[in-house]
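The values are calculated or read from the model by the stated rules, or taken from the named source; none is laboratory data. Predicted, not measured: the structure shown is a model, and the values here were computed from it. When we count neighbours, we look across all protein chains shown, and the Cβ atoms used for this are built from the backbone with ideal geometry, even at glycine. All accessible areas refer to the heavy atoms of the entire protein, side chains included, with ligands and DNA or RNA removed. Shrake-Rupley method; radii C 1.70, N 1.55, O 1.52, S 1.80 Å.
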Amino acid sequence: MSNTSFDAVIVGGGLAGLYALHRLRGLGFKVRVYEAGSGVGGTWFWNRYPGARCDVESMEYSYSFSNDLQQEWKWPERYGTQPEILRYINHVAERFDLMRDVQLDTRIVSAVFDEGANRWTLTTDKGETVTAPFCIMAAGNLSTPRVPDFKGLERFEGNWYHTGLWPKEGVDFTGQRVGVIGTGSSGVQMIPHIARQASHLHVFQRTANFSLPARNAPLDPEKEREHKATYVDRRRAAYDTPFGIAGYLPPTKSALEATPEERERAYEAKWAEGGSISFLYSFNDLLVNKEANDTASEFVRNKIRGIVKDPATAELLAPKDHPIGTKRLCLDTNYYETYNRANVTLVDARRAPIEEITTRGLRTRDAGYEFDSIVFATGFDAMTGALREIDVRGVGDEKLADKWAAGPRTYLGLMVAGFPNMFVITGPGSPGVKSQMILAIEQHTDWIAGCLEKMRAAGFARIEATEESETRWVEHVNAVADSTLYPLANSWYVGANIPGKPRVFMPYVGGVHTYTRKCNEIARKGYEGFALS
Ligand SMILES: Cc1cc2nc3c(=O)[nH]c(=O)nc-3n(C[C@H](O)[C@H](O)[C@H](O)COP(=O)(O)OP(=O)(O)OC[C@H]3O[C@@H](n4cnc5c(N)ncnc54)[C@H](O)[C@@H]3O)c2cc1C
């Protein structure tokens, strides 16, 4: 299968790649998806750690493109578990006959643009080459797992795992001494599960994260019926919201206008309801005014102090270095309660950093620990990792990794100047990771499909973001971020979890509503800011 040619090649077989395949096939395009994994599903294929679950409610976190699909699919719980979501994705792949155009177990290692022919040539890790006028990058924002380069990992005699590369057959930690490194979203979900199996669990925390109760439960049949009766309207309404999720009344009041009693009542109600957006919607200024945010942050810190019995552990778990909501807000089931178990110990890895992995465990600056298994819940090289791992070369053989050396630059998160005919789904500079991602994926893909359709009708062979529009967009993304509290946190939104990664605020936080309107307006104006030929 050498030198195969298609109308479009899609890199990645997650929710984005699969929808892009379906959408472009619908336009009559000959398309092929390349997926590095042995199955489709992306995030939900790789992240099989115990407790892995979606933070967005299952009725929302699903495709909207087929009303039959959304009416027929039954989600058992308020939030989907990883196995349920993967089952759903495989159902979609089968239902829409997608697998015949997906090549699994194949990693794209390079993508090179031929200026004369206006075609991309992609090379796989098997040495196969494939060409197409259009290259769609659906390689994921959280798809490049990162294991910190601790000295000595290779000599560890036990087993080690990364949450984002979890073995398909699962792991039984029964009776084991386990060390978990990292307390971000994956750690917060996984720790209560491992604690129930391990003989002893040590959790190494560098940064405390805010977590709210998920209040997961079986999906209420009455709520499901109601939701399905208004599904199409709800999906449409979601595009008009900041996070791409309908059903929450936008707050109108500042936290600082409310009395302390009113604030407490509001936060208590949201705490009882569960969910992160609902909590951040308590007042209208929690993400833009530090003083307002302090009231919400302190409320959650007090909750932690109330749940965790050992005051020193509670203080360590109570985040003090970032405003609530400025890092990915975790949702949990019994996370803080887990630290009341006699077999769980929290270790402050900021005060005494991990210095090396040893044959039997690890050593921090202060002490040595012995483990049967070590679990890295250390996250991903987010937003740019997957694309930087591919040798992408545009006009004049410019390398994308070089162009992005000081941080990613895109126009709308959709295209990169100098890389014609290459589209990115939910790329840096888009609101993707700050939204219900399936909605963002559908919005991006529909926009791209609309663009390709219009290009075909008008006889254009090439589209490219101009340098000027890209620069303006990057400035806008930064200006919007700077008007919020987001830049105050050392988060993966700014690449802070990767040593040496330039500190640039990558997502667009102006909201899905603003972004979608902007994209539509740009398309209506004949793709303003893009050069077509
Ligand atoms: C643990 C976890 C929990 C999450 N929870 C939520 C949530 O609650 N709500 C939400 O909205 N989002 C959540 N997300 C974000 C999630 O990534 C998106 O919702 C969504 O799954 C992204 O789909 P995608 O197709 O864009 O990317 P992915 O699912 O990451 O798929 C990308 C695919 O591309 C493949 N790939 C990458 N590079 C190459 C290459 N060079 N060649 C071939 N294949 C390649 C990868 O193997 C992967 O399968 C979560 C992410 C994680 C990691």
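Looking at region 1-22, I want the residues that are modelled with pLDDT under 95 and have a partner that is more than 11 Å from the ligand (Cβ to nearest atom) and open to solvent by less than 10 Å² (accessible area, probe 1.4 Å) with Cβ atoms under 6 Å, at least 6 apart or on another chain. Which pairs are those?
Listed pairs, sorted by first residue: 4/130.
Can you tell me which residues in region 439-474 are open to solvent by 10 Å² or more (accessible area, probe 1.4 Å), away from the ligand (no atom under 16 Å from the Cβ), in a helix (DSSP H, G or I) and over 21 Å from residue 387 (Cβ atoms)?
450, 453, 454, 456, 457, 458, 468, 472
Please give the number of the condition residue 227 fails out of (1) surrounded by fewer than 16 Cβ atoms within 10 Å (Cβ to Cβ); (2) farther than 28 Å from residue 300 by Cα.
Here residue 227 clears every test but (1).
Condition first: assigned to a loop (DSSP other than H, G, I, E, B), of a type in the set (Ser, Thr, Tyr) and within 16 Å of the ligand (Cβ to nearest atom). Now tell me which residues in region 167-196 satisfy that.
183, the sole residue that qualifies.
Please find, within region 239-253, the residue that is least open to solvent (accessible area, probe 1.4 Å) out of those that are closer than 18 Å to residue 57 by Cβ and of a type in the set (Ser, Thr, Tyr).
By that ranking, first place goes to 241.
Checking the condition of a type outside the set (Val, Ile, Thr), in a helix (DSSP H, G or I), touching a residue at least 40 places away in the same chain (Cβ under 8 Å) and open to solvent by 60 Å² or more (accessible area, probe 1.4 Å), which residue from 272, 296 passes?
Being of a type outside the set (Val, Ile, Thr), in a helix (DSSP H, G or I), touching a residue at least 40 places away in the same chain (Cβ under 8 Å) and open to solvent by 60 Å² or more (accessible area, probe 1.4 Å) holds for just one of 272, 296, which is 272.
I'd like the full set of residues that are more than 9 Å from the ligand (Cβ to nearest atom) and closer than 16 Å to residue 393 by Cα, limited to region 123-166.
If the condition is that a residue be more than 9 Å from the ligand (Cβ to nearest atom) and closer than 16 Å to residue 393 by Cα, then 123, 129, 130, 131, 132, 133, 134, 135, 136 are the ones that fit.
Pairs needed: first member in region 424-446, in contact (Cβ under 8 Å) with a residue 12 or more places away in the chain and basic (Lys, Arg); second member anywhere, open to solvent by less than 10 Å² (accessible area, probe 1.4 Å) and more than 10 Å from the ligand (Cβ to nearest atom); C-beta distance under 6 Å; at least 6 residues apart or different chains.
Matching pairs, first to second residue: 434/507.
Is it the case that some residue within region 431-438 is polar (S, T, N, Q), away from the ligand (no atom under 16 Å from the Cβ) and under 22 Å from residue 13 (Cα atoms)?
No: zero hits.
In the list 157, 128, which residue meets the criterion of being of a type in the set (D, E, K, R), exposed (fewer than 13 other Cβ atoms within 10 Å of the Cβ) and on the phi < 0 side of the Ramachandran plot?
Step by step, each of 157, 128 is checked, and only 157 is of a type in the set (D, E, K, R), exposed (fewer than 13 other Cβ atoms within 10 Å of the Cβ) and on the phi < 0 side of the Ramachandran plot.
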